[in-house]
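Colleague: Would you mind keeping the following structure in view while I ask a few things?
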Amino acid sequence: MEKSTIKDVAALAGVSIATVSRVVHGQENVAAEYVQRVREAMAQLNWRPNTTAQKLRSVKSRTIGVILPNTTDPFFGSIADSIICNCAAQSLNVITLISRKGEVYDEVTQFRRLSEAGVDGAIYCSISKPDSEAFERYCANIPVVVCSRHDLFKGRTHVYFNHQKGGYLATKHLLEMGHRRIALIVGVFGNNFKCAEDLQPYLDQPLLAGPYSGIDKYIGARRALDEFGVSFDPELLEFIDLGNAYEDGYSAMQRLFSKTTDIDAVVCSNDLSANGAIRMLTQQRVNVPEDVSVMGYDNGIMATCTRPQLSTVVQDTEKLGAECVRCMKKLLNNEPCEDVEIDVQLIIRQSSCRRKAANSDIRH
């Protein structure tokens, strides 16, 4: 008779392998019903965990796996630098895996590779809605810190920026400068969104925006418009793929102008898309900021390299990486670790100014 496996226990109990593993290791985030079913299945199959294998796995490698969507984007590159430097300061080794712009199928491959590499923990930077089942299958028994996103996985530690506040601050600044026709360029990796109606569920339930920082920014922008009593015009909304932000920022600005030239200002999803938008405006002989103010987001190196220099929202990627490593150290020491929300702030440069009262549409 063949010896039963953990897979057999999971099948008999009607739960995932990850749930069986949690029950075996005494983790608390398992429903009592599932605990009972797993224990009954273990007894029925006379299955016990392999303690020798568990002891082998308990030997620490002092290696952390990091999954990033890319490192060519200045934002993710700076996060990687911070994580690597802070891990080195803690005498932790780092394995960095790239998930091809956050493609879900490739992220699953990276989860598997981390599991095979025997890392002590993982820092996971997602840019799309991940495959939760695959994540739990490969990462059930290691601590994971989710970087730059919120509310992805129940029971995991998340470290993220307050992007709803960022979108709010950027839009509020433009409103205070007298702008009312404010366009929003929303960035989502892969970009499965087409119109304002696609975003309504996230306005109704903001926690759903966890996988999408661009939607968090949009929620904040809409809140600012509501506070100032400004009705949002769906014509002033465009979506871009953040994997191609500069070119898509240019194209989004073109699409906006094809619908209406009555635009006072634009809030962009990041600095790269803001640069693309400025390039398009400049080619159309539209002056920034005199005719159209432009807000970026990130405050990376691109913010000060462009002309005019970008007004933008500052997100401290060095602090983000440092907090991810700090949380990982706590988890490796079996200490509880709560989610960490990192504040953002506004920095005003040359790409935004007060609206000219006499020029509601100087481009007609």
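Readers should treat all values here as calculations from the given coordinates under stated rules, not as data from a laboratory. What you see is a predicted model; the values in this text were computed from it and never measured. Neighbour counts are summed over all protein chains in view; Cβ atoms, including those assigned to glycine, are modelled from backbone coordinates with ideal geometry.
Colleague: Amide H neighbours of V344 under 5 Å, counting only residues 5+ apart in sequence or on other chains, H built in-plane at 1.01 Å?
Modeller: N162
Colleague: Still on this structure, please answer the following. For the stretch 214-311, with only Lys/Arg (+1) and Asp/Glu (-1) charged at the beta-carbon, what is the dipole magnitude about the Cα centre, in debye rounded to 20?
Modeller: Dipole about the Cα centre, nearest 20: 200 debye.
Colleague: Amide H to amide H, which residues 5 or more places from L237 or on other chains are under 5 Å from it, using H placed in the peptide plane?
Modeller: L184
Colleague: To make sure I understand, if each residue's beta carbon is the centre and we count other beta carbons within 10 Å, what order do M280, M42, M253 fall in, fewest to most?
Modeller: Lowest to highest Cβ neighbour count: M280, M42, M253.
Colleague: For the stretch 216-227, what does the Karplus curve 6.51 cos²θ - 1.76 cosθ + 1.60, with θ = phi - 60°, yield as ³J(HN,Hα) per residue in whole Hz, taken in order and with x for Gly and Pro?
Modeller: Calculated HN-Hα couplings, in order: 4, 5, 4, 4, x, 5, 5, 5, 5, 4, 4, 5 Hz.
Colleague: Divide by every residue of the chain the summed helix terms, -39500 (n - 2.57) for each DSSP H run of at least 4, and state the resulting mean residue ellipticity at 222 nm, rounded to the nearest 500 deg cm²/dmol.
Modeller: Mean residue ellipticity, 222 nm, calculated: -13000 deg cm²/dmol.
Colleague: In the neighborhood of P308, defined by Cβ-to-Cβ distances under 15 Å, what is the net charge if each Lys or Arg adds +1 and each Asp or Glu adds -1?
Modeller: Every neighbour counted, the sum reads +1.
Colleague: If you don't mind, there's one more thing I want to ask. Only four residue types carry charge here, +1 at the Cβ of Lys and Arg and -1 at the Cβ of Asp and Glu. Report the dipole size of the chain about the Cα centre in Debye, rounded to the nearest 20.
Modeller: My answer is approximately 680 debye.
Colleague: Still on this structure: Just checking my list [x] 21.4; [y] 20.5; [z] 22.2 against Kirkwood radius over Cα pairs in Å computed from this structure; which label fits?
Modeller: Checking each listed value against the structure points to [z].
Colleague: Going by average Cβ density within 10 Å per residue, which order do the peptides 312-325, 343-356, 73-86 take, highest to lowest?
Modeller: So the peptides 312-325, 343-356, 73-86, ranked by packing, come out 312-325, 73-86, 343-356.
Colleague: Can you give me the long-range amide H partners of I95? Hydrogens built in the peptide plane at 1.01 Å from N, cutoff under 5 Å, separation of 5 or more residues or another chain.
Modeller: Answer set, sorted by chain and number: I64, G65, V66.
Colleague: Here's another thing I want to ask about it. Of I278, L97, T5, which is farthest towards the positive pole of the chain's charge dipole, taken about the Cα centre with +1 and -1 on the beta-carbons of Lys, Arg and Asp, Glu respectively?
Modeller: Toward the positive end, the furthest listed residue is T5.
Colleague: Something else: Tell me, what is the percent relative contact order of the chain, built from C-alpha pairs under 8 Å that lie six or more residues apart?
Modeller: The value is 17 percent.
Colleague: Continuing with this model, one more query. Please rank R285, R307, R22, fewest neighbouring Cβ atoms within 10 Å first, as an exposure proxy.
Modeller: Arranged by neighbour count, lowest to highest, R285, R307, R22 become R285, R307, R22.
Colleague: So what J values fall out for the stretch 69-80 if you push phi through Karplus, 6.51 cos²θ - 1.76 cosθ + 1.60 with θ = phi - 60°, rounded to Hz, Gly and Pro as x?
Modeller: Result, rounded to whole Hz: x, 5, 10, 7, 5, x, 5, 6, x, 6, 5, 4.
Colleague: In whole Hz, with x marking every Gly and Pro, tabulate ³J(HN,Hα) for the stretch 8-17 from phi via Karplus 6.51 cos²θ - 1.76 cosθ + 1.60, θ = phi - 60°.
Modeller: Couplings: 5, 4, 4, 5, 5, 7, x, 10, 7, 4 Hz.
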